[in-house]
Amino acid sequence: MLVVQAPKDNDDLDARIIELSSSAGPAAVAAYCRGVLDAPKLPKGTTRAKLLVLLGEFSERAGDVQAAGTAFKAAVEDGGQAAPDTRGFLAGWELEHGDVAEGRRLIAQIWDERPSDPTVYLFVGELLEERADLASAARWYTAGALRALERDRTSSGPVAALLLRRRRARLAQGLPEDDYDEISEQMRTGTYVDLDADPGP
């Protein structure tokens with residue numbers, strides 16, 4: 001029987017899960033998440049949705065696909081937030097193990113909301129790229145890159161990651177490189193200069 005030590009806060013939860021994952025495996029982490037969910041009080045800074053998503057992820061890694069789906073659905077029904085978007089985890093499960101049409105519906109729902117966080121586009125794009133839907137993945141990466149460039153035109157943050165994956169998805173389709181692909185390569189090699197940036201005094 002797994003003895004659950006209640007984590008103090010969100011950081012403590014993450015640390016315990018990393019340690020348990022490396023020492024005991026995904027099934028043990030899933031059991032640990034169930035124990036934390038059953039506790040009378042959640043760790044400070046942690047949402048129930050996050051714990052349910054963690055339960056789903058580690059249940060899936062342990063081979064318990066149905067338990068994973070149940071956890072992801074409960075996370076969405078909970079209404080809380082699990083970064084980058086709770087629905088994305090369920091969408092990925094539906095595409096892989098459940099109802100593909102439902103997975104696509106969830107992805108379309110996220111798209112229609114035009115999320116402001118570029119990491120949402122990165123997350124969904126990777127889901128689609130893993131399933132060889134390269135055109136849709138490139139569309140998500142492009143939208144996310146444009147969102148990110150509105151906020152930060154440097155090579156730090158999600159901009160470079162989005163453009164790198166966009167370039168990869170486009171080249172895999174046999175498409176020619178465009179200006180954004182060139183920017184991606186410049187960011188990768190450290191030669192990118194933003195000509196629109198304010199030069200300062």
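Since every read-out is calculated from the coordinates, none of them should be taken as a lab result. Here the structure is a predicted model, which is why all the values come from computation and not from measurement. With ideal geometry, Cβ positions are generated from the backbone for all residues, glycine too; neighbour counts draw on all protein chains shown.
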*When P(r) over Cα pairs in 10 Å bins from 0, in percent is calculated directly from the model, which label among (i) 8, 34, 37, 15, 5, 2, 0; (ii) 8, 32, 30, 17, 9, 3, 0; (iii) 9, 29, 29, 22, 9, 2, 0 fits?*
(iii)
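To make sure I understand, if each residue's beta carbon is the centre and we count other beta carbons within 10 Å, what order do Leu122, Leu162, Leu146 fall in, fewest to most?
Working: Leu122 20, Leu162 27, Leu146 14.
Result, fewest neighbours first: Leu146, Leu122, Leu162.
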*Choose one answer from Val159, Val124, Val100: the residue with the largest mean-square fluctuation in a GNM of the chain with alpha-carbon springs under 10 Å.*
Val100
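As a test of the formula, what do you get for the chain when each DSSP H run with n ≥ 4 contributes -39,500 (n - 2.57) and the sum is divided by the residue count, at 222 nm and rounded to the nearest 500 deg cm²/dmol?
About -22000 deg cm²/dmol.
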*In nm, what is the difference between 0.36 nm times the number of residues separating Asn10 and Arg61 and their Cα-Cα distance?*
16.2 nm
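If you place +1 on the Cβ of every Lys and Arg, -1 on the Cβ of every Asp and Glu, and leave all else neutral, what size is the dipole of the stretch 114-195 about its Cα centre, to the nearest 20 Debye? Working shown, then result.
On the way: 12 positive and 14 negative charges, 39 e Å.
Charge dipole of the stretch 114-195: 180 debye, to the nearest 20.
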*Express in whole angstrom the spacing between the alpha-carbon centres of the stretch 74-151 and the stretch 33-69.*
20 Å
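In the chain, which longest range has no GluC sites (Glu not before Pro) that are both DSSP loop (not H, G, I, E or B) and surrounded by at most 16 other Cβ atoms within 10 Å?
Numbers: sites that count: Glu113, Glu177.
Value returned for the longest uninterrupted segment is 1-112.
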*Just grab the label-to-label distance for Val100 and Glu77, each label 7 Å out from Cα along the Cβ direction, in nm (one decimal).*
2.7 nm
_Expected output is a single nm value to one decimal: the length gained when fully extending between Thr70 and Thr189, i.e. 0.36 nm times separation in residues minus the C-alpha distance. What is it?_
38.5 nm
*Tilt of helix 179-189 relative to the longest C-alpha principal axis of the chain, in degrees (0 to 90, nearest 10)?*
70 degrees
*Hey, rough spin-label estimate for Gln109 and Ser23, points 7 angstrom out along Cα→Cβ, what's it come to in nanometres?*
3.9 nm
_Sorted by Cβ neighbour density within 10 Å, fewest at the top, the residues Thr86, Thr119_ = Thr119, Thr86
